[in-house]
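Data block below; observations after.
Coordinate-derived values only; no laboratory data. What you see is a predicted model; the values in this text were computed from it and never measured. Methodologically, a virtual Cβ is constructed for each residue, glycine included, from the backbone with ideal geometry; neighbour enumeration extends over all protein chains shown.
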Amino acid sequence: MIVLSVGGSLINPGTPDVSYLRKIAEVLRKNRRLGIIVVTGGGKPARTAATAVKNLGGNEFMADEAAILSTRQNAHLLIAALGKRDGHVVVPHDFDEAARAALSGRVVVMGGTIPGLTTDADSALIAEKLNAERIVNLSNVNAVYDSDPKKNKRAKKFKRMPFSQMLKLAMRSDERSAGTHFIFDVFACKIIARSRIETHFVHGKRLKDVENAMKGKRHRGTVVKD
Ligand code: UTP
């Protein structure tokens, strides 16, 4: 069993990226025998909804509830791209439902679960529950860096690092002001560290890297393991 965490901005940068959804669905279909659970992020619609809720006077919990619906909407998009032969048609709302859905043998696609979390944390938790062999994180960044590669040209790229170092990097970025954003949040890092879940970070659009990471083969991203 493997878990894929797909950044929402890959699926839905504002409007659904139908061409990307078709391509990533094809990769999942081809590798269905690995046993795949995908957790989709919210992307721009999640941020827009959360901001609107807060502008209207809603609290953080309510903003998260609205954002979770965007993550689930993105799950439905990917399920549509997979088709009912390869994709499980129900979007699980919690970890038990996801575990049950995994018995179908089809690719299971879920979004968020409860307010206060991120879909990275959900990916780590479902991977832990199901003793997944590995997590593959797909984002707009090709690897884990010691600082934001979009802001710092000299950011150092890691090919491989232990859990302790990944957790340190996540905590360092968590301490900084709002808006800074590390590739995997602290909670998710703590879960993969405590259960030693091998986690791969690749650019979601480098489909060969995605496939290699799913199989535990070499790729141009980062592998976190001891
Ligand atoms: P994510 O932040 O995980 O999605 O969820 P994303 O689009 O991949 O995020 P980036 O691109 O890494 O920034 C979107 C929002 O949904 C809510 C949170 O508000 C989160 O910011 N959410 C998600 C929850 O409240 N609980 C969950 O379990 C998952």
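Quick notes
- For I79: the one exception among (1) among the β-branched types (V, I, T); (2) assigned to a helix (DSSP H, G or I); (3) over 20 Å from G204 (Cβ atoms): (3)
- For the stretch 2-57, a residue qualifies if it is of a type outside the set (S, T, N, Q), part of a helix (DSSP H, G or I) and more than 16 Å from the ligand (Cβ to nearest atom), and the qualifying residues are V18, R22, K23, A25, E26, V27, L28, R29, K30, R32, R33, L34.
- Residue satisfying all of: in the stretch 61-81; farther than 13 Å from N12 by Cβ and of a type outside the set (G, A, S); nearest to the ligand (Cβ to nearest atom) among these: D64
- Complete set of residues in the stretch 50-96 that are more than 15 Å from P16 (Cα to Cα), touching a Ser or Thr at 6+ places or on another chain (Cβ under 6 Å) and surrounded by 20 or more Cβ atoms within 10 Å (Cβ to Cβ): H88
- Failed condition for R106, given (1) touching a strand residue (DSSP E or B) at 6+ places or on another chain (Cβ under 8 Å); (2) near the ligand (Cβ under 10 Å from one of its atoms): (2)
- Test: residue in the stretch 111-131 that is within 16 Å of the ligand (Cβ to nearest atom), part of a loop (DSSP other than H, G, I, E, B) and of a type in the set (K, R): no
- Entirely in the stretch 141-220, the helices (runs of 4 or more DSSP H) that have 2 or more residues that are touching an Asp or Glu at 6+ places or on another chain (Cβ under 9 Å): 163-175, 186-195
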